[in-house]
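Enquirer: Next up is a structure, given as structure tokens.
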Amino acid sequence: MSRSAAMLVMGVFTLYFLTPIWWLLTTSTKTGGEITSTVPLWFTANSFGTFFDNLARLFTYGDGLFGRWLINSAIYAGVGALIGTIVAAMCGYALAKYEFKGREAIFNIVLSGVLVPATALALPLFLIFSQANLTNTMWAVFLPSLVSPFGVYLARIYAAASVPGELLEAARLDGSGEIRTFFTVSTRLMAPALVTIFLFQFVAIWNNFFLPLIMLRDQALFPVTLGLYAWNSQISQIPELRILVIVGALVSIVPLIIAFLALQRFWSSGLGAGGVK
Amino acid sequence: MQAMTVPSTSAEAPKAPQVARKTRSARAQRRAVALFIAPFAVLFLAFYAIPIVYAVVQSLLTVEREGTFGAPRQVFGGLVQYEQVFQDNAFWASVGRVLLFGAVQVPIMLGLALLFALLLDSPLLKGKKFFRLAFFAPYAVPGVIAAIMWGFLYSPSLSPFSAVTSNVEFLSAELVLWAIANIVTWVYVGYNMLIIYASLLAIPTEIYEAARLDGANNVQIAWRIKIPLVVPAIILTAVFSIIGTLQLLAEPQTLRSFSSAINSTFTPNLAVYTTASVPNYNLAAAFSVVLALATFILSFVFLKSTQRKVTQ
């Protein structure tokens with residue numbers, strides 16, 4: 001393939017990938033009526049003002065419901081992914097660096113957990129949580145999100161490759177406890193894998209739809225995706241929601257894009273761990 | 001927690017400080033393993049293993065009433081629910097629909113991901129960092145948001161491409177499945193591309209130098225060396241894509257507000273959700289079990305069959 005053909009292919013697909021996001025940006029700067037009456041995919045004369053008007057309406061509509069949804073998502077995904085990453089890393093590390101009976105059995109169970117789709121668990125989880133009277137609480141969405149079999153898998157592969165056994169022996173001779181060695185030495189060596197696990201767990205929770213859909217009734221507990229879904233399905237009755245859904249969609253993808261850009265250096269190098277081997 | 005196979009000397013009294021230290025160390029390691037594994041084990045049991053068992057149990061129960069207005073109570077019904085599942089034409093139509101979807105969408109998506117990864121890894125491109133980010137950006141868009149966005153883009157009245165959308169009805173009964181396929185492809189190509197690209201980067205460059213000395217060109221190197229070496233990464237992305245396909249829910253459910261062609265049993269997961277909202281939890285549990293099993297078997301068979309091919 002020639003250089004120009006390669007650039008052409010990539011250029012065409014850049015348009016394919018970025019045009020929808022560009023449309024979201026330009027449309028967020030229009031009033032409801034302007035969406036159909038102005039040039040699509042471009043700004044209007046007073047785009048700047050309209051954008052801030054839209055933002056103000058987004059965050060004030062329904063007593064600031066949207067802000068709550070953002071905070072909820074940050075809690076579900078941020079705190080959930082953080083705890084989930086630590087838990088998965090500890091387990092993967094133990095499976096990689098210690099020999100003990102049942103090690104392969106545990107690893108195989110975790111691996112088959114990777115193949116069990118999270119959505120298949122949503123309904124039984126709902127039934128169990130309703131037995132415990134815990135549906136329609138934040139716990140119902142938060143707790144199940146902490147489990148990441150793929151995180152354990154990634155942590156094991158990465159720990160096996162990047163934490164030398166001699167180093168652990170040396171730490172032991174220095175009198176450092178196993179737990180302390182893990183948190184001070186090993187986690188540093190595993191950093192790229194940890195960032196990767198965190199980010200993908202974060203995205204998985206942020207994007208999770210079935211679990212909150214089935215667990216939550218109270219709008220104040222919704223994550224942002226479920227909230228926007230609910231608004232979107234009311235557009236035919238409340239047309240003014242259309243522009244709020246569009247601006248809200250734009251606002252809701254900004255944190256993820258920032259997180260990916262900020263942590264790019266780390267996760268790019270950790271990403272290979274899952275595929276290579 | 002399981003006992004460790006590290007040689008234990010606790011039976012006999014330690015004779016030298018060396019041995020004493022080893023014994024202490026072995027015991028400390030055993031405790032550490034238990035501590036490291038316990039949190040995940042507890043969470044996995046509570047939110048993975050027990051729900052699966054619970055779903056199986058629920059699927060074997062059935063609701064019985066004494067008379068029309070009697071109090072409902074659950075009794076063991078054997079495979080009654082499963083009989084219903086297998087007779088449910090709408091459910092099997094939805095399974096057929098997602099299998100068709102997967103047979104078309106997954107190869108296209110992974111083919112594109114592989115092409116992009118090879119181009120990123122080739123000396124042909126300038127501005128690699130930009131392309132990498134641009135192609136990956138859609139992955140930051142949740143399925144629901146992507147469906148809302150594309151829903152507007154597909155709608156004849158709102159789309160900026162009204163010249164196209166007023167002639168092609170993307171949201172019609174014939175095309176809506178492929179409209180969803182486009183959304184899923186749009187979101188996940190970049191993600192799969194990065195996984196394949198990461199494993200291309202891990203190939204030692206000496207291999208290429210040796211191939212060049214033998215007179216291989218770029219295409220031959222890609223075809224004969226790079227692709228075979230990234231097969232494990234492709235398999236990984238394929239398994240995740242298979243799992244994702246059978247679990248389709250957010251995109252079709254969201255698009256329902258744009259298209260009347262999507263009914264309440266359009267995908268298997270939508271059927272589960274619809275059945276659970278009726279509510280018929282026992283039947284919905286049976287649907288869930290069948291679906292999880294099908295996903296598991298399909299992924300597992302794919303994994304095993306491709307692994308054999310690779311080692312041959």
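What follows draws every value from the coordinates through simple rules; no lab data is involved. On a predicted model such as this, the values are computed, not experimentally measured, just so you know. Cβ coordinates were reconstructed from backbone atoms using ideal geometry, including for glycine residues, and neighbour counts include every protein chain displayed.
Enquirer: Give the dimensionless ratio obtained when the Cα radius of gyration of the stretch A:1-119 is divided by 2.2 N^0.38 Å.
Expert: Details: Rg = 24.2 Å, N = 119, 2.2 N^0.38 = 13.5 Å.
Taking N as the residue count of the stretch A:1-119, the ratio is 1.79.
Enquirer: In what sequence, highest mean first, do A:161-169, B:70-78 appear when ranked by Cβ atoms within 10 angstrom?
Expert: Working: A:161-169: 13.8, B:70-78: 10.3.
In decreasing order of mean packing, A:161-169, B:70-78 become A:161-169, B:70-78.
Enquirer: Right, something else. Ordered by residue, what ³J(HN,Hα) values in Hz, to whole numbers, does the stretch B:294-300 give under the Karplus form 6.51 cos²θ - 1.76 cosθ + 1.60, where θ = phi - 60° and Gly and Pro are x?
Expert: So the Karplus estimates, Gly and Pro as x, are 4, 4, 4, 4, 4, 5, 5 Hz.
Enquirer: Using only the alpha carbons, work out the radius of gyration and Dmax of the stretch A:85-174 in angstrom.
Expert: Calculated on Cα positions, Rg and Dmax stand at 16.9, 51 Å.
Enquirer: Follow-up. Which whole-percent values make up P(r) of the stretch B:164-206 when all C-alpha to C-alpha distances are grouped in 5 Å steps starting at zero?
Expert: 5, 19, 16, 15, 11, 10, 8, 7, 5, 3, 1
Enquirer: Right, something else. Restricting the calculation to Cα positions, tell me the Rg (one decimal) and the Dmax (whole number) of the protein assembly as shown in Å.
Expert: 25.9, 90
Enquirer: Sticking with this structure for a sec: Using only the Cα atoms, what convex hull volume per residue in Å³ does the stretch B:184-312 have?
Expert: Values: hull volume 16.2 nm³, N = 129.
Taking only Cα atoms, the stretch B:184-312 has a hull volume of 126 Å³ per residue.
Enquirer: I'd like to know which of A:G177, B:P279, B:V56 lies farthest towards the positive end of the charge dipole of the protein assembly as shown, counting +1 on Cβ of Lys and Arg and -1 on Cβ of Asp and Glu.
Expert: The Cα lying farthest towards the positive end belongs to A:G177.
Enquirer: Any idea what log10 I(q)/I(0) is at q = 0.12, 0.16 Å⁻¹ for chain B, Debye with uniform C-alpha scatterers and no solvent?
Expert: Here the Debye-derived log intensity ratios amount to -1.01, -1.28.
Enquirer: Roughly how far apart, in whole Å, are the Cα centres of the stretch A:186-214 and the stretch A:1-52?
Expert: If we compute the Cα centre of each part, the gap is 30 Å.
Enquirer: Let me ask something else. Work out, in µm²/s and without decimals, the Stokes-Einstein translational diffusion coefficient of the stretch B:237-312 at 25 °C, 0.890 mPa s, Rh from Kirkwood over C-alpha pairs. Could you put the intermediate results ahead of the total?
Expert: Working: Rh = 13.9 Å.
Estimated diffusion coefficient is 177 µm²/s.
Enquirer: Shifting gears a bit: Per the Kirkwood formula on distinct C-alpha pairs, the Rh of the stretch A:36-86 is how many angstrom? List each step's numbers first, then the result.
Expert: Values: mean 1/r = 0.0730 Å⁻¹.
Computed over Cα pairs of the stretch A:36-86, the Kirkwood hydrodynamic radius comes out at 13.7 Å.
Enquirer: Next question, about the same structure. Using modelled amide H (1.01 Å from N, peptide plane; none on Pro or chain starts), what sits under 5 Å from the amide H of B:L61, excluding residues fewer than 5 places away?
Expert: B:G77
Enquirer: Scattering from the C-alpha atoms of chain A alone, worked out with Debye: what is log10 I(q)/I(0) at q = 0.13 1/Å?
Expert: -1.01
Enquirer: Average the reciprocal distances over every distinct pair of alpha-carbons in the stretch B:91-230, invert the result, and give the Kirkwood radius in Å.
Expert: 17.4
Enquirer: Follow-up question, since we're still on this one. Among the helices of chain A (complete DSSP H runs), which have Cα atoms covering no less than 15 Å along the helix axis and a Kyte-Doolittle mean of at least 1.6?
Expert: A:118-131, A:191-207, A:241-262
Enquirer: On a C-alpha basis, how far is the centre of the stretch A:75-151 from the centre of the stretch B:67-90 in Å? Whole number, if you could?
Expert: Cα centres, the stretch A:75-151 to the stretch B:67-90: 31 Å.
Enquirer: Among A:G32, A:G92, A:W69, pick out the residue whose Cα is farthest towards the positive end of the charge dipole of the stretch A:1-99, where Lys and Arg carry +1 and Asp and Glu carry -1 on C-beta, about the Cα centre.
Expert: A:G92
Enquirer: When the dipole is taken about the Cα centre of the stretch A:124-277, and only Lys, Arg (+1) and Asp, Glu (-1) are charged at their Cβ, what size is it in debye, to the nearest 20? Show your work: numbers first, answer last.
Expert: On the way: 8 positive and 6 negative charges, 34 e Å.
Once rounded to the nearest 20, the dipole reads 160 debye.
Enquirer: Using only the Cα atoms, work out Rg/Rh for the stretch A:92-247, with Rh taken as the Kirkwood radius, to two decimals. Walk me through the numbers on the way to the answer.
Expert: On the way: Rg = 20.8 Å, Rh = 18.6 Å.
Dividing the radius of gyration by the Kirkwood radius yields 1.12.
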